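Asks: Submitted below is the structure of interest, expressed as structure tokens.
The values are calculated or read from the model by the stated rules, or taken from the named source; none is laboratory data. Remember, it's a predicted structure, so these values are computed and weren't measured experimentally. Cβ atoms come from the backbone with ideal geometry, glycine included; neighbour counts cover every protein chain shown. These area figures cover heavy atoms from the full protein model, side chains too; ligands, DNA and RNA do not enter into them. Shrake-Rupley method; radii C 1.70, N 1.55, O 1.52, S 1.80 Å.
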Amino acid sequence: MGNKTLAIIKPDAVRKNLVGQIIAKITEAGFKIKAMKMVRLTKESAGGFYEVHKARPFYNDLVEYMTSGPCVPIALEKENAVEDYRKLIGATDPDQAAPGTIRKLYAANKAENAVHGSDSDENAAIEIAHFFSRKELLENYVD
Ligand code: CMP
């Protein structure tokens, strides 16, 4: 069981000025912020991040959406981080998400769904490295 996960506050949530409310939900749930930034992804960066979905019919729209405005990637730490964070955000489709989850509260639909969360410890490490260099993670280390 790993203790790190990557969250992204996606462009729709940034546009709706929800960054503060979403971060409050995350930290109230016991996650610690290890690194965070606001970035406008390039098509290459978003396309690479979602490479696993390349064959899906929604891939081009997904890259379009993720590059439509700035997003906020956040490296999080907590015991059982991947599973606990996925519980906190709820199902991909907000219509299926449990009450009180971030997507139930803030997502418009299953494509523009406010937040991302890593789906395994292995992917969490890959995704954190996509956004944050080792140097950034070490320099900003908070115990
Ligand atoms: P995320 O958890 O970031 O992982 C992949 C993303 O693709 C997902 O959130 C949604 O933004 C998007 N996505 C997943 N399924 C669909 C779908 N059926 N139609 C459109 N977009 C989707």
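Asks: List the number of the failed condition for ILE89; all other conditions in (1) open to solvent by 50 Å² or more (accessible area, probe 1.4 Å); (2) near the ligand (Cβ under 9 Å from one of its atoms); (3) within 18 Å of ALA29 (Cβ to Cβ) hold.
Replies: (1)
Asks: Follow-up. Any residue in segment 16-31 that is polar (S, T, N, Q) sitting within a Cβ distance under 8 Å of a residue that is surrounded by 14 or more Cβ atoms within 10 Å (Cβ to Cβ)? List the pairs, counting only those 6 or more apart or interchain.
Replies: Listed pairs, sorted by first residue: GLN21/TYR106; THR27/ILE33.
Asks: Hey, another quick one. I'd like the full set of residues that are under 15 Å from GLU127 (Cβ atoms), under 14 Å from the mean Cα position of the chain (by Cα) and open to solvent by less than 80 Å² (accessible area, probe 1.4 Å), limited to segment 32-48. Quick ask: steps written out before the conclusion?
Replies: Filtering segment 32-48 down to residues under 15 Å from GLU127 (Cβ atoms) leaves 34-37, 39, 41, 45-48.
With the extra rule that they be under 14 Å from the mean Cα position of the chain (by Cα), the set shrinks to 34-37, 39, 41, 46.
Residues satisfying the conditions are LYS34, ALA35, LYS37, VAL39, LEU41, ALA46.
Asks: Hey, can you tell me all the residues within segment 52-70 that are more than 10 Å from the ligand (Cβ to nearest atom) and either within 15 Å of VAL19 (Cβ to Cβ) or open to solvent by 100 Å² or more (accessible area, probe 1.4 Å) (or both)?
Replies: Answer for segment 52-70, where residues must be more than 10 Å from the ligand (Cβ to nearest atom) and either within 15 Å of VAL19 (Cβ to Cβ) or open to solvent by 100 Å² or more (accessible area, probe 1.4 Å) (or both): LYS54, ALA55, ASN60, GLU64, GLY69, PRO70.
Asks: Okay, moving on. Within segment 32-51, can you find the residues that are away from the ligand (no atom under 14 Å from the Cβ) and without any contact (Cβ under 8 Å) to a residue 40 or more places away in the chain?
Replies: Result: MET36, MET38, ARG40, THR42, LYS43, GLU44.
The rows are residues; the columns are (1) free of Cβ contacts under 8 Å to residues at least 12 places away in the same chain; (2) in a strand (DSSP E or B); (3) touching an Asp or Glu at 6+ places or on another chain (Cβ under 6 Å).
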| position | (1), (2), (3) |
| --- | --- |
| GLY69 | no, no, no |
| ALA98 | yes, no, no |
| LYS104 | no, no, no |
| GLU112 | no, no, yes |
| GLU136 | no, no, no |
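Asks: In segment 83-96, which residues are farther than 18 Å from LEU62 by Cβ, assigned to a loop (DSSP other than H, G, I, E, B) and under 13 Å from the mean Cα position of the chain (by Cα)?
Replies: The answer is GLY90, and nothing else.
Asks: A follow-up question, please. Taking into account only those residues within segment 110-127 that are open to solvent by 70 Å² or more (accessible area, probe 1.4 Å) and either within 13 Å of the ligand (Cβ to nearest atom) or of a type in the set (Phe, Trp, Tyr) (or both), which is farthest from GLY2 (Cα to Cα)?
Replies: Per the stated criteria, the residue is LYS110.
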